[in-house]
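To start, the structure under review is shown below, and the notes come after it.
The values are calculated or read from the model by the stated rules, or taken from the named source; none is laboratory data. Just so it is clear, the structure is predicted and the values come from calculations on it, not from any experiment. Note that each Cβ is placed from the backbone with ideal geometry, even for glycine, and that neighbours are counted across all protein chains shown.
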């Protein structure tokens, strides 16, 4: 054994270090008392004519700004009174109180000047605390949000800037009508109206906001109009609206504006704003080889079916909607010694599916490989997971690949071995992780570390073998388990606390065949369940299949399901994978030619 690995002799005495917490707190209290008593003060700082006696040592210990001032050859290092420029005396008093006490008092009316003072004096804690306070109070009111947005832009506070921008675009109509909106700079204005997430029902709302901003200071701002107009999506307007804008006095007064509008109107169709889209759950019509998708929002009573050209719709039950609202689907082709899996991406504007890439899964020749597959996304990176249901081995191997969009390549990820008798599983993203669930086990994948870890499984007392449907909503995963008799047990898993809670089972509108299992989905921040029911009806022609569909929304507080009286077309619809994907759709794009 190496010397470093030997146990020390029993009589050897090791040195130890001790830290007196009470001394640390007491020292700071004593320094504060010295300041209050005016003892040993050796420097006077003057701000806006107000004098602050202080201690050079304390100031130097707290701030790199003062340390450089008092330890360099600067004239201030030898002076007994130093005049500080660019500071508010009230804010400097707050800063000084923090330096001598360690306590910082922040309020909405002084957070900005306090941040400016901390930035000048290089007090990182004060500056970061002010930033956090601004982020917390973005949602107070429109005027406050715009004011914080402008401040964050000047001081390059990225987190505050992003949070303010998110709030402004989601409440654009309210913000655009406020007086503070007109105080934005031209760059800040164009940054906001260029945003895809703008919550407006019509693009005319954006045009009207721009008119209001220009007219607030017409002489100074009219020349900016040609540079602002390209950020308005004129090709989302009706022809009548465009003609009316071309006749507007501002456009007629500026000779370059009308030409810009005509050019922008002829450009490729831009992405619709968030407020122009509607959340729609997507179902697949697999009956008799059709190429049809059904987009539905039962809350709004909207059901739109679209039939695609033969061969243009990926023939797969694996679809996912990414965080940027892009929709992806997989298609499979089984060959002798491999399975080719192709990835397709949906083009919202053209309402078509475009091929993206392909990879292969190997198989034994002449052996029908049966895969349990999943497709999900985190931070706009796609993950494909699959394991062989027919593998004759004690452990299943979950293989995973991720799609690198810039290189258009699939890369191997960490694999997962698990022991489960479950035939059906679920894999889905929640927060910044991927969760793989069976009725017996839960595993979490961390993309940053490319590593799987085991989490708390559902109750070991459960006798239900399979998980049929699961969906993530905020920090929770809702699941329904089934047995061979079609009975259900619904539970929710909290990913933060790593614990399970039993819920009311799914509603039963009547007996339905075991192969037609319900699917969960989240629509407009509410949990829904889609239940297909297949009945046998008898007529003169003999027995016939009849399909009926039920959609319920879940009331979490009352733990009950409410029937939405869905009116789906009389066709055979299925959900994708273990849930119904939901995407924001621009409904005019879904009109059949």
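Points worth noting:
- Each residue in segment 344-358 was checked for being more than 18 Å from residue 584 (Cβ to Cβ), crowded, with 16+ Cβ neighbours inside 10 Å and more than 23 Å from the chain's Cα centre (by Cα), and 1 pass.
- Restricting segment 495-507 to residues that are surrounded by 14 or more Cβ atoms within 10 Å (Cβ to Cβ) and either in contact with a helix residue (DSSP H, G or I) (Cβ under 9 Å, 6 or more places away or on another chain) or closer than 13 Å to residue 442 by Cβ (or both), the residue that is modelled with the lowest pLDDT: 500
- Enumerated strands (runs of 3 or more DSSP E) restricted to segment 353-448, each holding at least 3 residues that are modelled with pLDDT of 90 or more: 371-378, 381-388, 396-404, 409-412, 426-430, 433-437, 442-446
- Failed item, numbered, when residue 544 is tested on (1) out of contact with any strand residue (DSSP E or B) (no Cβ under 6 Å at 6 or more places or on another chain); (2) free of Cβ contacts under 8 Å to residues at least 12 places away in the same chain: (1)
- The residues of segment 305-351 that are under 13 Å from residue 377 (Cβ atoms) and in a loop (DSSP other than H, G, I, E, B), listed by number, are 318, 322, 323, 324, 325, 326.
Yes/no matrix, rows are residues, columns are (1) at pLDDT 90 or above; (2) part of a loop (DSSP other than H, G, I, E, B); (3) out of contact with any helix residue (DSSP H, G or I) (no Cβ under 8 Å at 6 or more places or on another chain):
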position	(1), (2), (3)
454	yes, no, yes
457	no, yes, yes
460	no, yes, yes
463	no, yes, yes
469	no, no, yes
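- Of all residues in segment 116-166, those being part of a helix (DSSP H, G or I) and either without any contact (Cβ under 8 Å) to a residue 12 or more places away in the chain or closer than 18 Å to residue 94 by Cα (or both) number 21.
- Residue within segment 296-304 that is without any contact (Cβ under 8 Å) to a residue 40 or more places away in the chain, surrounded by fewer than 22 Cβ atoms within 10 Å (Cβ to Cβ) and over 22 Å from residue 373 (Cα atoms) present: yes
- Verdict on residue 57 being touching a residue at least 24 places away in the same chain (Cβ under 8 Å) and assigned by TED's automatic domain parsing to the domain that holds residue 126: no
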